[in-house]
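The structure appears below as structure tokens.
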Amino acid sequence: MSNQSSQVIIGNNVIIGKNVSFGNFVIIYDHVEIGDNCIIGDFVIIGETSNPQASTSPLTKIGKSCVIRSHSLLYAGCTLGDFVHLGNRATIREFSLVGNHCSIGLGAELQGNCVIGDYSRLQSFVSVGQHTKIGRFVFIYPYAVFTNDPLPPSTQLEGVEIGDFTQVSAGVILLAGASIGKFSLISVNSKVGGMFEDDSFIEGNPGRRIGKLSKMPFFNKEGKRHYPWPYQYSTNMPWQGLDFDDWAIKENISLF
Amino acid sequence: MSNQSSQVIIGNNVIIGKNVSFGNFVIIYDHVEIGDNCIIGDFVIIGETSNPQASTSPLTKIGKSCVIRSHSLLYAGCTLGDFVHLGNRATIREFSLVGNHCSIGLGAELQGNCVIGDYSRLQSFVSVGQHTKIGRFVFIYPYAVFTNDPLPPSTQLEGVEIGDFTQVSAGVILLAGASIGKFSLISVNSKVGGMFEDDSFIEGNPGRRIGKLSKMPFFNKEGKRHYPWPYQYSTNMPWQGLDFDDWAIKENISLF
Amino acid sequence: MSNQSSQVIIGNNVIIGKNVSFGNFVIIYDHVEIGDNCIIGDFVIIGETSNPQASTSPLTKIGKSCVIRSHSLLYAGCTLGDFVHLGNRATIREFSLVGNHCSIGLGAELQGNCVIGDYSRLQSFVSVGQHTKIGRFVFIYPYAVFTNDPLPPSTQLEGVEIGDFTQVSAGVILLAGASIGKFSLISVNSKVGGMFEDDSFIEGNPGRRIGKLSKMPFFNKEGKRHYPWPYQYSTNMPWQGLDFDDWAIKENISLF
């Protein structure tokens, strides 16, 4: 038993910004860039190779002001934007792109070649198959699963697409190739395949479109309609403190 | 390659009881108390802060005779009772309270501000949202999920409550604010919201009360009714070797 | 911050083959054998004891050419065949047997005393209860759960059995004692108990046999029937580059 300083193993060709803090027992592999003001937790691996035989490693890039929680793992070839938060034991596999201000929850995994738009939040244990595309301001709740093989087993991989502002509830399973529009909500534990237009409320096993989400009787405690949700919720969103319509017009976001 | 002794990093203001054993590469942060006879596994973190900018840490307390399996993680401000068992990669987030004789399975997470009563068992990968209250002698099976947001996303968090002696089967999703009585059983893969009285058998998607659990035709191999289960099962329970009714009277537990 | 070599802690009575590579912060406990050409990742534990009080450890054996990804964990008493791949954070608990050429995905767990046949693949976060028996060439998709207690809680554990070539889709929950024949497919999110004959397509909650899988209208992009799948898929399977029927005859595998 002893009182020691941290042990950080750093490979070749690594660029570390200003004011980056490292936990204990951290491993940074070759060809990694870490932006200013990042916090890297204990037992974290950055730049793990997906091919142990490869002699060179693609660039792994972490933007500024990211928090990488303990025990999490970022494969070589990934890019995290600025202000990204990786929860404990999150895994981002090779060549995934995570936008600015995203958070990836405890134990969640991106299986590789995934794209996540800015300000999206994946909660604990979300499992995202290869080639999934998730838009901006998308929230995904625990244990949602994004599959990609329509005929298991096959080599015919088809990623899922999720439109901006859509909410995917806990335990939802998205079938290979599913495409969900913007400003939609998929209800807890649904199994969803096929294409759904914007503003859909989707529920069931198999999931069907119950109707326009914006017309569904989902009211908050003050008796206001909750959807479209950006009028009711703005915590850490770019329209926080602003009128959502004003912000949306400036950003060229059309509601429906 | 070398043969080394363990590396344990210990912060300030840490009190360690008698006969505590540590694995390798263990990190104990500031302001932690560990009771006598605990076993702390490899790659464990105790007292991780939820706020990397904070200068002081709330007390993290582990009772006596606990087993903390490898790769698990206990945040600052949590309290574990005596004889608690944390499985590999379990995560207990800030300000959670885990009672005596509980076990928290592999990969399971308590998201913070959770309360778990004595002798409860959470199996692998159970995910418990903030502000959940789980009673005593409650068993929760793999991949059960406790949600807390009735209108995602909102700030209107409502924890789930589970009564004493209730069983929550694998893959169950509990909706925000659900309240389940005592001595109940929720069937596999059900999606359950709302309030349910004691002695309920709950099944379906959405979950409905099928009837009194104690009247359901669940018989064991000897042809005896299995519920209320404490008459049939006592492994490591405080009534082991005793008559359950005698014990329950002494403990002031009324059946129904 | 420093640039250090790997730290590998190796117990007594450990036999390591030729050309084995170790990552950083690796722990190999007593009585372990590792075959030639294995790759052991960072933060891996091999031979963890299930009984911290035990004085001796049963043999833990890893065959040749295995890849053990970072953060994964193999308990004492397990045997992995040759060419096995353990994904990041996989856990294999005590006395499990994993056949040659298997892969166990990220975060997946075998809870102990499990048997997995050659060439089977468990994807991310599959949870396999004690005493499960999985055949050869079985593919199991994310978050499938194998339970083993028919009357929770009881001591009447009944493992699940899965026949050769069967596919278990994402989110499936198998009830204690379920027995699934060969060349079958269980659809996404089904809850399945009881016995099912070979060539079954199983779907629903509760899961029912919809019909013979080989007669179901599952066609690939070229318009061919996808099942029995070995005629359409052979990546890394022993019949790759061969005619499946020729291979099957030689191997004494009868279709139905």
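Things worth noting here:
- Residue within segment C:171-190 that is closer than 23 Å to residue C:91 by Cα and among the charged types (D, E, K, R) present: no
- Qualifying residue in segment A:204-224 (condition: farther than 20 Å from residue A:144 by Cβ and in contact with a helix residue (DSSP H, G or I) (Cβ under 6 Å, 6 or more places away or on another chain)): no
- Within segment B:208-230, tally of residues that are free of Cβ contacts under 8 Å to residues at least 24 places away in the same chain and away from chain C (no Cβ under 12 Å): 7
- Only one of the numbered conditions (1) more than 9 Å from chain B (Cβ to nearest Cβ); (2) within 17 Å of the chain's Cα centre (by Cα) is violated by residue C:173, and that is (1).
- Test result for residue B:157, out of contact with any strand residue (DSSP E or B) (no Cβ under 9 Å at 6 or more places or on another chain) and open to solvent by 10 Å² or more (accessible area, probe 1.4 Å): yes
- Residue match in segment A:195-206 (condition: free of Cβ contacts under 8 Å to residues at least 24 places away in the same chain, among the hydroxyl-bearing types (Ser, Thr, Tyr) and out of contact with any His (no Cβ under 7 Å at 6 or more places or on another chain)): yes
- Residue A:69 vs. criteria charged (D, E, K, R), in contact (Cβ under 8 Å) with a residue 24 or more places away in the chain and open to solvent by 50 Å² or more (accessible area, probe 1.4 Å): no
- Some residue of segment A:74-85 being open to solvent by 10 Å² or more (accessible area, probe 1.4 Å), facing another protein chain (nearest Cβ under 10 Å), in contact (Cβ under 8 Å) with a residue 24 or more places away in the chain and over 9 Å from the mean Cα position of the chain (by Cα): no
- Here residue B:109 meets the list (1) within 21 Å of residue A:143 (Cα to Cα); (2) facing another protein chain (nearest Cβ under 9 Å); (3) surrounded by fewer than 24 Cβ atoms within 10 Å (Cβ to Cβ) almost entirely, failing just condition (3).
- Number of the condition not met by residue A:202 [criteria: (1) open to solvent by 50 Å² or more (accessible area, probe 1.4 Å); (2) within 19 Å of residue A:123 (Cβ to Cβ); (3) among the β-branched types (Val, Ile, Thr)]: (1)
- If you go through segment C:169-186 and pick out every residue that is of a type in the set (A, V, I, L, M) and part of a strand (DSSP E or B), you end up with 5.
- Test: residue in segment B:34-53 that is free of Cβ contacts under 8 Å to residues at least 40 places away in the same chain, acidic (Asp, Glu) and either in contact with a helix residue (DSSP H, G or I) (Cβ under 6 Å, 6 or more places away or on another chain) or open to solvent by 20 Å² or more (accessible area, probe 1.4 Å) (or both): yes
- Of the residues making up segment B:19-33, those that are surrounded by 22 or more Cβ atoms within 10 Å (Cβ to Cβ), touching a Phe, Trp or Tyr at 6+ places or on another chain (Cβ under 9 Å) and not β-branched (Val, Ile, Thr) are B:23, B:25.
- When residue B:88 is tested against (1) out of contact with any Lys or Arg (no Cβ under 7 Å at 6 or more places or on another chain); (2) of a type in the set (S, T, N, Q); (3) open to solvent by less than 20 Å² (accessible area, probe 1.4 Å), just one condition goes unmet, and that condition is (1).
- Looking at B:148, B:189, just one residue is within 16 Å of residue B:205 (Cα to Cα) and part of a loop (DSSP other than H, G, I, E, B), and that residue is B:189.
- Among (1) open to solvent by less than 30 Å² (accessible area, probe 1.4 Å); (2) small (Gly, Ala, Ser); (3) within 12 Å of another protein chain (Cβ to nearest Cβ); (4) within 22 Å of the chain's Cα centre (by Cα), the one test that residue A:234 misses: (1)
- Every condition in (1) at negative phi; (2) within 12 Å of chain C (Cβ to nearest Cβ); (3) touching a residue at least 24 places away in the same chain (Cβ under 8 Å) holds for residue A:153 except the one numbered (3).
- Within segment C:1-73, strands (runs of 3 or more DSSP E) holding 2 or more residues that are within 27 Å of residue A:8 (Cα to Cα) and among the aliphatic types (A, V, I, L, M): C:8-10, C:26-28, C:45-48
- Flag for residue B:98 being farther than 19 Å from residue B:129 by Cβ, touching a strand residue (DSSP E or B) at 6+ places or on another chain (Cβ under 6 Å), more than 14 Å from chain A (Cβ to nearest Cβ) and without any contact (Cβ under 8 Å) to a residue 60 or more places away in the chain: no
- Restricting attention to segment A:198-231, the residues being in a loop (DSSP other than H, G, I, E, B) and within 22 Å of residue A:180 (Cα to Cα) number 10.
- Unmet criterion (only one of (1) more than 14 Å from chain A (Cβ to nearest Cβ); (2) open to solvent by 30 Å² or more (accessible area, probe 1.4 Å); (3) at pLDDT 95 or above) for residue B:56: (3)
- Identity of the residue in segment A:124-150, surrounded by fewer than 24 Cβ atoms within 10 Å (Cβ to Cβ) and facing chain C (nearest Cβ under 9 Å), that ends up farthest from residue A:91 (Cα to Cα): A:150
- Checking residue B:165 against (1) among the hydrophobic types (A, V, I, L, M, F, W, C); (2) touching a Lys or Arg at 6+ places or on another chain (Cβ under 8 Å); (3) open to solvent by 20 Å² or more (accessible area, probe 1.4 Å), the condition it does not meet: (3)
- Taken together, the residues in segment C:112-123 that are buried (at least 24 other Cβ atoms within 10 Å of the Cβ) and in contact with a Gly (Cβ under 6 Å, 6 or more places away or on another chain) amount to 3.
The values are calculated or read from the model by the stated rules, or taken from the named source; none is laboratory data. Predicted, not measured: the structure shown is a model, and the values here were computed from it. A quick note on method: Cβ atoms are made from the backbone with ideal geometry, for glycine too, and the neighbour counts reach across all protein chains shown. Side chains included, ligands, DNA and RNA excluded: accessible areas come from the protein's heavy atoms. Shrake-Rupley method; radii C 1.70, N 1.55, O 1.52, S 1.80 Å.
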